[in-house]
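Engineer: One structure is given below, represented as structure tokens, and several questions about it will come after.
The values are calculated or read from the model by the stated rules, or taken from the named source; none is laboratory data. Since this is a predicted model, take the numbers as computed values, not measurements. Here the Cβ is made from the backbone with ideal geometry for all residues, glycine too, and neighbour counts use every protein chain on show.
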Amino acid sequence: MADSSHNHDAHDDHGLAHPVPLKLLFAVFFTLVGLTILTVITGQMTFAGFDLALAMVIATCKATLVCLIFMHLKYDKPFLGMIFLFSVLFVGLFLAFTFLDSNEYNADINAWVRDNMTISQ
């Protein structure tokens, strides 16, 4: 019968979390609440076509805080931080390509709206 009581502490570091001070957790929480309030306030304003860009910057800041502190990415291996950074950059790249293409079908959407507005009135 195999002995199941042998020690895995030297080889198994799963489950060991970096202790984060409570003061830092509250600071991040209130920063996230503040950024959420900022998102709501800026969502009610117009920024000459930069509304979505501003909302994305604020959302990226919030996601970065969550990943760094609550997901302990700050205390993990730098390679995982690079993976996160490249993921954010790729999402930005894909969104940029989508925005570049949006002018191609804008005339069709405007024509459809114009035709359907005249029918419903």
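Engineer: I'd like the full set of residues that are closer than 21 Å to Phe99 by Cα and among the hydroxyl-bearing types (Ser, Thr, Tyr), limited to region 40-80.
Structural biologist: Passing the criteria: Thr42, Thr46, Thr60.
Engineer: List the residue pairs whose Cβ atoms are under 7 Å apart, where the first residue sits in region 78-104 and is without any contact (Cβ under 8 Å) to a residue 60 or more places away in the chain, the second is surrounded by 10 or more Cβ atoms within 10 Å (Cβ to Cβ) and not aliphatic (A, V, I, L, M), and the two are 6 or more positions apart or on different chains.
Structural biologist: Within 7 Å, the pairs are Phe84/Cys67; Val88/Thr60.
Engineer: Output the number of the condition that Lys77 fails; it satisfies all remaining conditions of (1) within 25 Å of Pro21 (Cβ to Cβ); (2) surrounded by 12 or more Cβ atoms within 10 Å (Cβ to Cβ); (3) out of contact with any Leu (no Cβ under 9 Å at 6 or more places or on another chain).
Structural biologist: Lys77 satisfies all of (1) within 25 Å of Pro21 (Cβ to Cβ); (2) surrounded by 12 or more Cβ atoms within 10 Å (Cβ to Cβ); (3) out of contact with any Leu (no Cβ under 9 Å at 6 or more places or on another chain) except (2).
Engineer: Name the residue that is nearest to the chain's Cα centre (by Cα), counting only residues in region 11-56 that are at pLDDT below 90 and aromatic (Phe, Trp, Tyr).
Structural biologist: Phe50
Engineer: Return yes when Thr31 is part of a helix (DSSP H, G or I), surrounded by 13 or more Cβ atoms within 10 Å (Cβ to Cβ) and in contact with an Asp or Glu (Cβ under 8 Å, 6 or more places away or on another chain) and no when it is not.
Structural biologist: No, not satisfied.
Engineer: Further, regarding this structure: Ile109 - would you say it is assigned to a helix (DSSP H, G or I), among the β-branched types (Val, Ile, Thr) and out of contact with any helix residue (DSSP H, G or I) (no Cβ under 8 Å at 6 or more places or on another chain)?
Structural biologist: yes
Engineer: Counting only residues that are among the basic types (Lys, Arg) and under 23 Å from Leu38 (Cβ atoms), which one in region 62-116 is farthest from the chain's Cα centre (by Cα)?
Structural biologist: Lys74
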